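Notes for the one structure printed next.
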Amino acid sequence: MKLTEPEWQLMNALWKKSPATAREIIEHIPGNVKWAYTTVKTMLSRLVAKKAVSEKKNSNTSIYEPLISQENAQRSAMSTLFDKVLDGAFEPLMHFLVNHKKISAKERQELIRLLEESEK
């Protein structure tokens, strides 16, 4: 599932607090983002149409819940990035992580563990 940057921000807020109303979601969006309530409702409607979020009515209030897990959304985004940007090549990603992101010793150990585990 392809999510826009604003949709990612809404989904991250919803993964933190769910189920939630639009106003509750707004409270969990990073402080530097200042969206109007109507903007958030419009984006939530788009996420409902994409079947990423469910909407249930409670009187006049809509309650939203994610229909996709954060892990599945991240996996889909990473697959898209990997295929589109890196043309499916793993080596550029490794060079980027090691040379530009400066992975920590703990992250490096985890990577080694995952590689060893995948060889079994």
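Figure legend. Inter-residue proximity from segment 1-18: first residues in contact (Cβ under 8 Å) with a residue 60 or more places away in the chain and on the phi > 0 side of the Ramachandran plot, second residues among the aromatic types (Phe, Trp, Tyr) and open to solvent by 50 Å² or more (accessible area, probe 1.4 Å), beta-carbon distance below 8 Å, spacing 6+ or different chains. No pairs are indicated.
Can you confirm whether segment 40-62 contains a residue that is in contact with a helix residue (DSSP H, G or I) (Cβ under 9 Å, 6 or more places away or on another chain) and over 20 Å from Pro6 (Cβ atoms)? Among the residues of segment 40-62, at least one is in contact with a helix residue (DSSP H, G or I) (Cβ under 9 Å, 6 or more places away or on another chain) and over 20 Å from Pro6 (Cβ atoms), which makes the answer yes. Condition test on Glu71, is it in a helix (DSSP H, G or I), under 16 Å from Met1 (Cβ atoms), open to solvent by 100 Å² or more (accessible area, probe 1.4 Å) and free of Cβ contacts under 8 Å to residues at least 24 places away in the same chain? In short, yes.
Residue by residue, here is whether (1) within 16 Å of the chain's Cα centre (by Cα); (2) on the phi < 0 side of the Ramachandran plot holds:
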| residue | (1), (2) |
| --- | --- |
| Glu27 | no, yes |
| Asn32 | no, yes |
| Ala36 | no, yes |
| Lys41 | no, yes |
| Leu47 | yes, yes |
| Lys50 | yes, yes |
| Glu55 | no, yes |
| Ser59 | no, no |
| Ser62 | no, yes |
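Residues that are part of a loop (DSSP other than H, G, I, E, B), open to solvent by 30 Å² or more (accessible area, probe 1.4 Å) and either hydrophobic (A, V, I, L, M, F, W, C) or in contact with a Cys (Cβ under 9 Å, 6 or more places away or on another chain) (or both) within segment 1-32 comprise just one, Met1.
Contact annotation: residue pairs with Cβ atoms under 9 Å, 6 or more positions apart or on different chains, pairing a residue in segment 40-62 that is within 16 Å of Ser18 (Cβ to Cβ) and open to solvent by 70 Å² or more (accessible area, probe 1.4 Å) with a partner that is of a type outside the set (A, V, I, L, M) and not in a loop (DSSP other than H, G, I, E, B), are Glu55/Ser45; Glu55/Ser62; Glu55/Tyr64; Glu55/Glu65; Lys56/Ser62; Lys56/Tyr64; Lys56/Glu65. Please verify whether Leu81 is under 16 Å from the mean Cα position of the chain (by Cα), modelled with pLDDT under 90 and not basic (Lys, Arg), treating the condition exactly as stated. So Leu81 fits the description; yes. Exactly one residue out of Pro66, Pro92 is modelled with pLDDT of 80 or more and under 20 Å from the mean Cα position of the chain (by Cα), and it is Pro66. Summed over segment 81-105, the residues that are open to solvent by less than 60 Å² (accessible area, probe 1.4 Å) and either touching a residue at least 24 places away in the same chain (Cβ under 8 Å) or in a loop (DSSP other than H, G, I, E, B) (or both) give a count of 5.
The values are calculated or read from the model by the stated rules, or taken from the named source; none is laboratory data. All figures in this text were calculated on a predicted structure; none of them were measured in a lab. With ideal geometry, Cβ positions are generated from the backbone for all residues, glycine too; neighbour counts draw on all protein chains shown. Ligands, DNA and RNA are stripped out before the accessible areas are found, and what is left, the full protein with its side chains, is counted by its heavy atoms. Shrake-Rupley method; radii C 1.70, N 1.55, O 1.52, S 1.80 Å.
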